[in-house]
Amino acid sequence: MKSWPLAMAFLGIAAVLALLIGIGIGKPRHAAEIPGVFKNADAAIDRFSFVQTNDGEMQWKVEARRARIVDNESKAVLEDLQVTLFREGGTQMLLEGDEGVVDTASHNFTLMKREGSIPIHLESGYTIYTNELQWTDQNQEISTAAPVTIHGDGIEITGLGLRGTLGTETFTITKNVRAVVTN
């Protein structure tokens, strides 16, 4: 009679374990099963940072809340990120986005904003707004195929697509250019 409660306890524990195993609790989860993680991600990193230097001087730095690293594609897919571009003379430019990708081999990156725009404040006083931006490291060039607005002293220029260099602050809007001049 005394062994009956003990046997019932063991049967109860066995039933709970069988139920948990049956619904998947207890088995390891793979990256492909976790929402937001790429099937081929090799690692996930919180508070990710990547710095690009040239001759010992920082050119740009990316900091992100989270990154998924895909080694065989040489890329880091980022969430909630800031990019700091360092220019000659010690000036900095800060860009923020919701999503981004850094190509760890070419050191190119893409920055995207789901809602709103990424403001690019230039030393000349102009500000470029777009929701997607690519940086080509080899040419030190920014570009986008997305809609663009440039605000400046008494002028607003809109269009589709942009290409230019931050160092010289020379930019070309590629399509549907419209300029409004005010006094």
Note to self: Please list, ordered by chain and number, the residues whose modelled amide H lies under 5 Å from the amide H of TYR126; skip anything fewer than 5 residues away on the same chain.
What the structure shows: none
Check: Whose amide H sits under 5 Å from the amide H of GLU169, counting only residues 5 or more places off or on another chain, with H placed in the peptide plane?
Finding: none
Check: Separation between the GLU99 and MET58 pseudo-spin-labels, each 7 Å from Cα along Cα→Cβ, expressed in nm?
Finding: 2.8
Item checked: Estimated inter-spin distance, LEU160 and ASN139, nm [label 7 Å along Cα→Cβ] -> 2.0
Item checked: Derived scalar couplings ³J(HN,Hα) [the range 104-121; Karplus, 6.51 cos²θ - 1.76 cosθ + 1.60; whole Hz; x for Gly, Pro] -> 6, 8, 8, 6, 7, 9, 10, 10, 9, 10, 5, 10, x, 10, 8, x, 10, 8
Item checked: Gained length - ASN176 relative to VAL51, 0.36 nm times residue gap less alpha-carbon distance -> 41.4 nm
Note to self: Could you derive backbone 3J(HN,Hα) for the range 134-149 from the dihedral phi with the Karplus parameters 6.51, -1.76 and 1.60 (θ = phi - 60°), listing whole Hz in sequence and x where the residue is Gly or Pro?
What the structure shows: 10, 10, 9, 5, 4, 9, 6, 10, 9, 7, 7, 9, 7, x, 9, 10
Checklist line | Point-to-point label distance, ASN72-GLU115, nm (Cα→Cβ direction, 7 Å offset) | finding: 3.7
Note to self: Please rank ASP137, ASP42, ASP153, fewest neighbouring Cβ atoms within 10 Å first, as an exposure proxy.
What the structure shows: ASP153, ASP42, ASP137
Check: What list of ³J(HN,Hα) values in whole Hz, one per residue of the range 57-65 in order, does the Karplus curve 6.51 cos²θ - 1.76 cosθ + 1.60 (θ = phi - 60°) give from phi, with Gly and Pro shown as x?
Finding: 10, 5, 9, 7, 9, 10, 10, 9, 5
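All of the numbers you see were taken from the coordinates with simple rules; none came from a lab. All of these numbers come straight from a predicted model, not from anything done at the bench. Virtual Cβ from ideal backbone geometry, glycine too; neighbours counted across all protein chains shown.
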